[in-house]
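K.L.:
Below is the structure I would like to discuss, written out as structure tokens.
The values are calculated or read from the model by the stated rules, or taken from the named source; none is laboratory data. A quick note: this is a predicted structure, and the numbers were derived from the prediction, not measured. Neighbour counts are summed over all protein chains in view; Cβ atoms, including those assigned to glycine, are modelled from backbone coordinates with ideal geometry.
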Amino acid sequence: MKRGELYQVYRGSRHDPKYYRVFLVVSRQELIDNAFSGVICAPVYSKHGEVDTQVEVGVGEGLKHDSAVYCDDLISIPKPQLTNYVGSLSDAKIAEVNAALRIALAV
């Protein structure tokens, strides 16, 4: 597992209308490689707007359609749930995600 990879995760929640949702791993690689049980991820939604904290992704990253990474909606997900690999972001897209995370976290 690497930072910048996309995984489809079963959510099965009454709060999320989709049983499966794609998430982008945004934790630093040192945390991912460590014994921590979870990693920080950002969800991917098909509906998006012109928001500084959303990064557009799509077929080029392994998705079925145009979507966006929501950097304002971070969640910790246990590593064992990240098994359905979808694709990964290019270095340029990761740079966009980094900028969006800085805005979302006001750092």
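K.L.:
Considering only residues that are in contact (Cβ under 8 Å) with a residue 40 or more places away in the chain and surrounded by 14 or more Cβ atoms within 10 Å (Cβ to Cβ), which ones fall in the range 52-74?
P.N.:
Correct list: Thr53, Gln54, Val55, Val57, Glu61, Gly62, Leu63, Ser67, Val69, Cys71, Leu74.
K.L.:
Say whether the condition of being closer than 23 Å to Val107 by Cα and without any contact (Cβ under 8 Å) to a residue 24 or more places away in the chain is met by at least one residue in the range 28-39.
P.N.:
Scanning the range 28-39 turns up at least one residue that is closer than 23 Å to Val107 by Cα and without any contact (Cβ under 8 Å) to a residue 24 or more places away in the chain.
K.L.:
Given the condition within 12 Å of the chain's Cα centre (by Cα), outside any helix (DSSP H, G or I) and not basic (Lys, Arg), answer yes or no: does some residue in the range 88-95 qualify?
P.N.:
Yes, because at least one residue in the range 88-95 is within 12 Å of the chain's Cα centre (by Cα), outside any helix (DSSP H, G or I) and not basic (Lys, Arg).
K.L.:
May I pose another question? Do you know which residues across the range 83-104 are at pLDDT below 95 and either under 23 Å from Lys47 (Cβ atoms) or of a type in the set (Phe, Trp, Tyr) (or both)?
P.N.:
If the condition is that a residue be at pLDDT below 95 and either under 23 Å from Lys47 (Cβ atoms) or of a type in the set (Phe, Trp, Tyr) (or both), then Asn84 is the only one that fits.
K.L.:
Now for a different question. Given the options Ser88, Ser76, name the one that is touching a Leu at 6+ places or on another chain (Cβ under 8 Å) and either within 17 Å of Met1 (Cβ to Cβ) or hydrophobic (A, V, I, L, M, F, W, C) (or both).
P.N.:
Ser88
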